[in-house]
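Shown next, in structure tokens, is the structure this report addresses.
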Amino acid sequence: MDKFTTVTGVAAPLPTINVDTDMIIPARFLKTIQRKGLGKNLFDAQRYKPDGTENPDFVLNKPAYRKAQILVAGPNFGCGSSREHAPWALQDFGIRVVIAPSFADIFYGNSFKNGILLIALPQEICDQLMDDAKKGANARLTVDLETQTITRPDGSVVKFDIDPFRREALIDGIDEIGLTEQKRVEIGAFEDKARAAQPWLWVPAR
Amino acid sequence: MATKPRTLFDKIWDSHLVEMQPDGTGLLYIDRHLVHEVTSPQAFEGLRVAHRKVHRPDATITVPDHNVPTSNRAGGIKDEESRIQVELLERNAKEFGLTYFGMDDIRQGIVHIIGPEQGLTQPGMTIVCGDSHTATHGAVGALAFGIGTSEVEHVLATQTLIQRRPKNMKVEVNGTLGLGVTPKDVILAIIGKIGIAGGTGHVIEYTGDVFRRMSMEGRMTVCNMSIEGGARAGLVAPDAITFDYLKGRPYAPKAGAWEQALAFWKTLPSDPGAHYDTTVSLDAATIVPLVTWGNKPEHVVPITGVIPNPDDEPDEERRNGMRRALDYMALKPGTKMTDIAVDHVFIGSCTNGRIEDFRAAAAVAKGRKVAPGVRAMAVPGSGLVKHQAEEEGLDKILLEAGFEWREPGCSMCLAMNDDKLKPGERCASTSNRNFEGRQGPGGRTHLVSPAMAVAAAIAGKLADVRQLG
Ligand code: SF4
């Protein structure tokens, strides 16, 4: 996973509430067996017309936002399915940060595991950042994870909170499975206890 | 010393904590891992690359469901990408030594149908699957939740997950349900009340006499849609109905172990006075047959109602959301729900693809005919559901009425196989999501109960099952 420190880039406005995972990446693109390559189908139904050509009205098709690295969105972003294809598609497109008043639980966890920083901020602040994002090529924000700040186009600074565990995981790019494997002894001890207490759970499922 | 009263959730969480980590997250032990073909290929690939094994093959079950065809199984899977995903699951199962219920196995079906059906899901367990409707298994009193592919890999490798403890929410429904009101209507009413983000950060426990009297199938329908209210998991405390359901199932504890398990399961229900962070109450008598009008499961109205007017919504973002939904659904405010014609009817999915759902459907369909021009599909949730329905003659009733009777799978719930709506087509569906394009690009979905789906098929438009003469 890419390490994360700061991102300076164009923020695209997506002022829609409840952006669901089917919207982020429709089910027919889940047939891939890889993590890469989903960026071209990010927001497919909005981004393309039924004949496959680009919909010029969709924000990510507008010249100023084609290389956006930041999304500013409405509340409950990422609701719906557990498909990690949603963050994979965002990441493959080049989105590194999503700012919204709130996020759905499973999507939240999935995003951090893929190097995407999700920042939840109060509605009024999101409204201001949404206004910033509407400035086209001037919609540049700097997101600094170390100092937990967003610098706006006018130079003013917004602080954000973040779970320390998630923050570290992003900054250090850690291998969570590797870390958990270091708990082998504790997991083994737990299993011995569990097997004695609930032996019926240890009958092979086959 | 008296211990603090705990909820069902607290008990399961506490007993599965391998350890609390200094940063406030917990390392949670997972008892059962269900795996399907769509969210697992990258996880198995990750294991291979890192030379890791599956930590507990005996606790892991694999089954293809999303991509499988629901007709002409013998012809194999025509779509190449779908076929590759299914074949890859089988290869991965072999390579890592996991149990696999293949397409030709009568036990194959939607992962959330077969878990309880096989007795693989039991009270007090922690259960995960790379699928947001894993909450279904909470109906047996298990803590069951959906995870992403990175977490699938983490569980495969370590049988644990790093999680932050969610909050407790109690949803209480007391009273008696009216005629024609089903578990599907109950959960749609709950989502209509709390909203699709109402349960975010919470595990919901469903309590009250409505759930106490509800069948296991009904409880599964309710728990299944917890995620549509934003909650990762939904729970119903195990009771005699649960134990009767599980007894004798292939993977349920056998004699000897059964008594031991039963004694443990009976300790699980929430203690009197246990703390819930949030409580929501509904009066059963106020719940009526419901139908969705928009593109989020919270967009519910009584079947006797009309399409709401966005102008009446004070919040601007919500108002825009409603307008967008009406635009997508090609509907106008004030239209009577019973005036909306449908092209398609779909009965199935992990929400309503169990035997009781087909019994309810057949009871309404008996002696009636699907309206001309409507395509109606019944897709059992598993091979065993299909078999049982056929034993009971439900397939004949549905076929005679003009329904198609198909092979088990996810089918038109998310349209990854050939079963999909064409752009602009409208469907009354017993599934769980009415998102834009969920049942096929441009397709329009109205969520309903199985009885109401049949009523719509017969009327050719959304219809009140209670009015069917
Ligand atoms: S039936 Fe639908 S909701 Fe259930 S697992 Fe399949 S695709 Fe997901």
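Where does each of A:Thr151, B:Thr430 land when they are ranked from fewest to most other beta-carbon atoms within 10 angstrom?
By the 10 Å Cβ count, ascending: A:Thr151, B:Thr430.
Toward the positive end of the charge dipole of chain B, about the Cα centre and with charges on Cβ (Lys, Arg +1; Asp, Glu -1), which of B:Pro441, B:Val35, B:Ala341 goes farthest?
B:Ala341
In terms of modelled amide H atoms, which long-range or inter-chain residues lie less than 5 Å from the amide H of B:Ile147?
Residues meeting the amide H criterion: B:Cys129, B:Gly130, B:Asp131.
Once you put a point 7 Å from the Cα of B:Lys53 and another 7 Å from the Cα of B:Asp104, both along the Cβ direction, what distance in nm separates them?
3.0 nm
Can you give the FRET efficiency for B:Asn309 and B:Thr278, using 1/(1 + (r/R0)^6), R0 = 25 Å, r = Cβ-Cβ distance, to the nearest 0.05?
Calculated transfer efficiency: 0.25.
Please give the Cα centre distance for segment B:166-232 versus segment A:75-133, rounded to the nearest Å.
Using only Cα atoms to place each centre, the spacing works out to 27 Å.
Exposure proxy check: B:Leu399, B:Leu462 ranked by fewest other beta carbons within 10 Å?
Values: B:Leu399 13, B:Leu462 23.
In order of increasing Cβ crowding within 10 Å: B:Leu399, B:Leu462.
Test of understanding: extend the Cα→C-beta vector of A:Thr6 to 7 Å, then name every residue of segment A:149-188 with backbone N under 19 Å from that spot.
A:149-162, A:167-168, A:170-173
Expressed in nm to one decimal, what extension gain is obtained for the pair B:Glu87 and B:Trp258 from 0.36 nm per residue of sequence separation less their Cα-Cα distance?
On the way: separation 171, 0.36 × 171 = 61.56 nm, distance 3.62 nm.
This chain segment gains 57.9 nm when fully extended.
Considering every residue in A:177-183, what mean count of other chain Cβ atoms within 10 Å of its Cβ is obtained?
Mean number of neighbouring Cβ atoms from other chains: 6.
Return the inverse of the average 1/r over all pairs of distinct C-alpha atoms in the protein assembly as shown, which is the Kirkwood hydrodynamic radius, in Å to one decimal.
25.3 Å
Using Cα-only point scatterers and the Debye equation, what is log10 of I(q)/I(0) for segment B:1-160 at each q in 0.13, 0.16, 0.17 Å⁻¹, rounded to two decimals?
Rounded to two decimals, the profile gives -0.62, -0.90, -1.00.
Using the Cα centre of segment A:6-174 as origin and beta-carbon charges of +1 (Lys, Arg) and -1 (Asp, Glu), tell me which of A:Ala89, A:Thr16, A:Val157 is placed farthest towards the positive end of the dipole.
Checked the options; the winner is A:Ala89.
For every helix of n ≥ 4 consecutive DSSP H residues, a contribution of -39,500 (n - 2.57) applies; sum these over chain B, divide by its total residues, and give [θ] at 222 nm rounded to the nearest 500 deg cm²/dmol.
Result for chain B: -9000 deg cm²/dmol, rounded to the nearest 500.
Averaged over peptide B:200-213, how many Cβ atoms belonging to another chain are found within 10 Å of each residue's Cβ?
Partner Cβ neighbours, averaged per residue: 1.
Percent antiparallel among DSSP beta bridges with both residues in chain B, to the nearest 5?
Taking every DSSP beta bridge with both residues in chain B, the antiparallel ones total about 25 percent.
Treat the count of other C-beta atoms within 10 Å as a stand-in for reagent exposure and order B:Met220, B:Met337 from fewest to most.
Listed from fewest to most nearby Cβ atoms, that is B:Met337, B:Met220.
Based solely on C-alpha atoms, express the radius of gyration and the Dmax of segment A:144-206 in angstrom.
Radius of gyration, then largest Cα-Cα span, for segment A:144-206: 21.1, 63 Å.
Only bridges whose two residues both fall in the protein assembly as shown count here: according to DSSP, what percent of them are antiparallel, nearest 5? Could the numbers behind the result be given before it?
Values: 25 of 79 bridges.
About 30 percent, rounded to the nearest 5.
Using Cα pairs closer than 8 Å and at least 6 residues apart in sequence, work out the relative contact order for chain B, in percent.
The value is 17 percent.
Within segment A:174-193, name every residue whose backbone N is under 15 Å away from a label modeled 7 Å from Cα of A:Glu168 along the Cβ vector.
Under 15 Å, as judged by backbone N against the label point of A:Glu168, lie A:174-183 of segment A:174-193.
Can you give the Rg to Rh ratio of segment A:89-155, both from alpha-carbon atoms, with Rh computed by the Kirkwood formula?
0.96
Let me know the mean shielding of A:103-116 by other chains, meaning the per-residue number of their Cβ atoms within 10 Å of its Cβ. Don't skip to the end; give the middle numbers.
Details: counts 2, 8, 15, 11, 2, 3, 9, 5, 1, 1, 6, 3, 0, 0.
Shielding by partners across A:103-116 averages 5.
At a Förster distance of 56 Å, what's the computed FRET efficiency of B:Thr3 paired with A:Asp51, Cβ-Cβ distance as r, to 0.05?
Working: r = 65 Å, r/R0 = 1.16.
Computed FRET efficiency for B:Thr3 and A:Asp51: 0.30.
With the convex hull built on the Cα atoms of chain B, state its orientation-averaged projected area in nm².
23.2 nm²
Please report how far the C-alpha centroid of segment B:57-111 lies from that of segment A:26-51, rounded to the nearest whole angstrom.
Segment B:57-111 and segment A:26-51 have Cα centres spaced 23 Å from each other.
What relative contact order, as a whole-number percentage, does segment B:228-325 give when Cα pairs under 8 Å and 6 or more residues apart are counted?
This gives 18 percent for segment B:228-325.
Based on alpha-carbon centroids, what's the gap between segment A:166-206 and segment B:389-455 in Å, whole number please?
One Cα centre to the other: 40 Å.
7 Å from Cα along Cα→Cβ at both A:Arg195 and B:Arg73: what's the point-to-point distance in nm?
3.6 nm
What FRET efficiency, computed as 1/(1 + (r/R0)^6) with R0 = 41 Å and r the Cβ-Cβ distance, is obtained for A:Asp161 and B:Glu391, rounded to the nearest 0.05?
That pair, A:Asp161 with B:Glu391, gives E of 0.10.
Any chance you could tell me what percent of the C-alpha pair distances in segment A:61-206 go past 18 Å? Let's see the in-between values first.
On the way: 6868 of 10585 pairs.
Tail fraction, whole percent: 65.
Check B:Val288: other-chain or 5+ apart residues with amide H under 5 Å from its amide H, H built from backbone geometry?
Under 5 Å from the amide H of B:Val288: no residue qualifies.
Quick check on segment A:6-174: of the DSSP beta bridges with both residues there, what percent are antiparallel, nearest 5%?
Details: 12 of 25 bridges.
Just about 50 percent of them are antiparallel.
Counting only residues 5 or more places away or on other chains, whose amide H sits under 5 Å from the amide H of B:Gly305 once H atoms are built in the peptide plane?
Result for B:Gly305 returns B:Met337.
When only Cα pairs under 8 Å and 6 or more residues apart are kept, what is the percent relative contact order across chain A?
Result for chain A is 24 percent.
Laboratory data are not the source of any read-out in this text; all were calculated from the coordinates shown. Since this is a predicted model, take the numbers as computed values, not measurements. Methodologically, a virtual Cβ is constructed for each residue, glycine included, from the backbone with ideal geometry; neighbour enumeration extends over all protein chains shown.
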